[in-house]
Amino acid sequence: MSHDACLLKAIQSCPSGDCKGSTTTGTVGPPRGCFAKTGPSYPQFIEKMLVWYTSAMIERTREPGFVQAYRLFVVIRIIFWLVVGPVLVIIELAGNPNLSPEQAANQPLIQQLALPNIAPLLFLEALLLVLLSWPEALHRLGRWFVPLTLVIGAVPLLVGYYWWPAENPLQSPFTMFFFVTVLLIAWEYQYRYVFAYVFGLTVYQALVSPWPTHVPWTVPVGWLVLQGVMMLLAAYVTATLVSVQRQQRSALAQAYEQQAAANEQLQQYATTLEELSISRERNRLARELHDTLAHSLSALTVQLEAVTVLWSSNPERARRLLDQASETARTGLAEARRALQALRASPLQDLGLILAVRELAEVAAKRSGAQLELALPDRLGRCPSPTVEQGVYRIAQETLENVIRHAGAHMIRVRLEQTGAEMTLTIEDDGQGVDLETLQIPGTDTDDRFGILGMQERAALIGGQLEISSQAGQGTSVRLTAPVEGQADGPCPDL
C-alpha cells in the first residue's frame with residue numbers, strides 16, 4: 001500500500017483528528033501494511049501524531065478573495081523594500097543639501113535597508129508570492145496554507161520594524177503593514193486570533209522600541225495602547241463583515257439547494273402532468289371516435305342487417321335502406337375526418353349550441369320514427385365556454401343515439417334551459433328503459449356502458465352533474481347541469 005493511500009485511509013478513519021481508538025486494538029493509526037513494524041501495533045503516540053498530521057492536511061475552506069488580496073499586499077511590500085532605500089536617500093538630500101549622495105547613503109538606517117542587507121527579506125517575500133501564486137500549494141499545504149503564509153509574511157515586517165524603530169509606533173511605515181496583516185487575520189480566522197496577534201505585536205514593539213528619557217513612560221505605552229485599540233476596532237469591523245458575508249453565502253447556498261429541489265419537484269410535476277394530459281387526451285380521442293365513427297358504423301350495421309332481411313321479401317325497401325346506408329357511411333367518414341382534423345364538434349362552429357341540439361333531436365326523431373317535443377330557448381343569456389358547449393353537445397348526441405338504437409321510443413322530449421349561471425339539458429323518452437345496475441357491474445364492456453361512462457367523464461370535465469334515471473318499460477331520463485362561466489352583460493350572439 002502506498003504512502004498516500006495510507007494517509008487517505010487514516011483521514012477517512014479519523015477526519016477530525018480526535019480519535020478514541022479502535023474497538024479491537026484500542027489504538028489509532030494507519031491500516032496494517034502501510035509501514036514496516038516489528039510488533040502487533042504502533043506506539044500510540046506515533047499513531048496519534050500521524051492522524052493529527054493527516055487531518056491537518058485536509059484543505060481548509062478559505063474566504064473568497066483572501067489569496068488575491070494577500071498576493072497584492074505582498075507585491076506592494078516587495079516594491080516598498082526595493083524603493084525604500086533610494087527614497088530615504090532623496091529625503092536626506094532634500095533635508096540637508098550639504099550632504100553628498102555617498103554621505104546620505106552611509107546613514108545607519110539607509111545602510112541597514114540597502115539591497116545586500118534586505119536580500120534575505122526579499123527572498124522571503126518572493127517565496128511568499130510564489131506560494132500565493134502557485135495553485136498547487138493550496139492543495140498540498142491544506143489547512144496549513146494560511147497560517148504558514150501569514151507567519152512567513154510577518155517575519156520581514158518584524159525585522160523591518162526592528163531596524164526602523166520609532167518612539168511613536170504610529171510613525172513607523174511598518175505599522176501600516178501590521179494593520180493590513182491584522183485585517184487578513186480577521187478576514188480568515190476567529191476574533192481570538194486577532195487578540196493574540198495584537199497582544200504579541202504590542203509586546204514585541206514594547207521590547208524593541210526606544211524608550212525616550214525625556215517623556216513619561218505613559219506616553220509610549222499610550223501610543224501602543226492606541227495602536228492596539230485601532231487594530232482591534234478595524235479587525236472587529238472586518239470580522240463582522242466577513243461573518244455577515246459568510247452567513248449570506250450559507251443562506252444563498254441553502255436557497256440554491258431549495259431551488260434545485262423545487263426545480264426537481266417541478267420537473268416531476270411537469271412529467272406527471274404531461275402523463276395525465278396524455279392519458280386525458282387519449283380518453284378524449286376515444287370519446288370523439290365513439291361519438292362520431294362508432295355511431296356511424298353502428299347505424300350502418302343496423303341498416304345493412306335490415307337490407308339483408310328485406311332483400312328477398314321487399315327489394316324496393318332494401319334498396320332504399322342501402323342508399324341510406326351509403327349516405328350514413330359517407331356521413332360517418334366526413335365526421336371522422338372532421339374529428340381527426342379539429343377534434344371539435346363542427347355543428348357547434350356552424351350553427352351554435354341551440355341549433356346544433358335542435359338538429360340532433362330532429363335527426364334522432366326522424367331516424368327512430370318517434371314524435372319530438374322540443375323546448376329550446378331562442379338564445380342563451382350567457383355565453384358558455386367552448387368546452388362547456390362541446391360537452392353539452394356530445395352528451396346530447398350520445399343520449400339521442402342510445403334512444404335511436406335501444407329505446408324503441410314513441411316520444412322524445414328535449415329541453416334546454418339556462419337559469420342564472422347554470423345550464424340544464426334534459427332528454428327523456430318513453431321507451432323500454434335501461435338496466436342501470438347491470439351497466440354498473442365491472443367487466444360489462446358493452447357499447448352502452450362505454451357510452452354512459454364517456455358521458456359521465458365529459459360531465460366531470462366541464463364541472464357539471466349528470467343524472468340518469470330509468471325504469472323498465474317507462475323510458476329513460478338524462479339530466480345534465482353544467483356551469484356557465486360567461487359574461488352577464490348581454491346575451492350570447494347569434495351564429
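Some notes on this structure:
- Subset of segment 209-237 [surrounded by 12 or more Cβ atoms within 10 Å (Cβ to Cβ), modelled with pLDDT under 85 and among the β-branched types (Val, Ile, Thr)]: Val219, Val221
- Among (1) of a type in the set (Val, Ile, Thr); (2) touching a residue at least 60 places away in the same chain (Cβ under 8 Å); (3) exposed (fewer than 11 other Cβ atoms within 10 Å of the Cβ) - the single one Val302 does not satisfy: (3)
- Selected residue (only one of Val130, Val83, Val89 is of a type in the set (A, V, I, L, M), closer than 22 Å to Ser172 by Cβ and surrounded by fewer than 15 Cβ atoms within 10 Å (Cβ to Cβ)): Val83
- Condition check for Leu360: at pLDDT 85 or above, part of a helix (DSSP H, G or I) and not aromatic (Phe, Trp, Tyr): yes
- Qualifying residue in segment 175-190 (condition: within 27 Å of Leu129 (Cα to Cα) and more than 55 Å from the chain's Cα centre (by Cα)): no
- Test: residue in segment 257-268 that is in a helix (DSSP H, G or I), of a type in the set (D, E, K, R), out of contact with any helix residue (DSSP H, G or I) (no Cβ under 6 Å at 6 or more places or on another chain) and more than 30 Å from Ala186 (Cα to Cα): yes
- Residue count for segment 209-238, restricted to those that are in a helix (DSSP H, G or I) and of a type in the set (S, T, N, Q): 3
- Among the residues of segment 305-341, those identified as hydroxyl-bearing (Ser, Thr, Tyr) and either surrounded by 15 or more Cβ atoms within 10 Å (Cβ to Cβ) or at pLDDT below 80 (or both) are Thr328, Thr331.
- Within segment 406-437, considering residues that are touching a His at 6+ places or on another chain (Cβ under 9 Å) and not polar (S, T, N, Q), the one modelled with the lowest pLDDT: Val434
- Taken over segment 95-153, residues that are of a type in the set (Gly, Ala, Ser) and either in contact with a strand residue (DSSP E or B) (Cβ under 8 Å, 6 or more places away or on another chain) or touching a residue at least 12 places away in the same chain (Cβ under 8 Å) (or both) amount to 7.
- Any hit, segment 156-175, residues being more than 27 Å from Trp81 (Cα to Cα) and not hydrophobic (A, V, I, L, M, F, W, C): no
- Test: residue in segment 112-125 that is more than 52 Å from the chain's Cα centre (by Cα), at pLDDT below 80 and not in a loop (DSSP other than H, G, I, E, B): yes
- Residue within segment 366-376 that is in a helix (DSSP H, G or I), within 24 Å of Val302 (Cα to Cα) and modelled with pLDDT of 85 or more present: yes
- Of the candidates Arg280, Arg246, the single residue that is charged (D, E, K, R) and within 30 Å of Met176 (Cβ to Cβ) is Arg246.
- Flag if Val388 is surrounded by fewer than 23 Cβ atoms within 10 Å (Cβ to Cβ) and within 51 Å of the chain's Cα centre (by Cα): yes
- Residues (small (Gly, Ala, Ser) and more than 47 Å from the chain's Cα centre (by Cα)) located in segment 223-245: Gly228
The values are calculated or read from the model by the stated rules, or taken from the named source; none is laboratory data. In this text, all values refer to a predicted model and were calculated from it rather than measured experimentally. Neighbour counts are summed over all protein chains in view; Cβ atoms, including those assigned to glycine, are modelled from backbone coordinates with ideal geometry.
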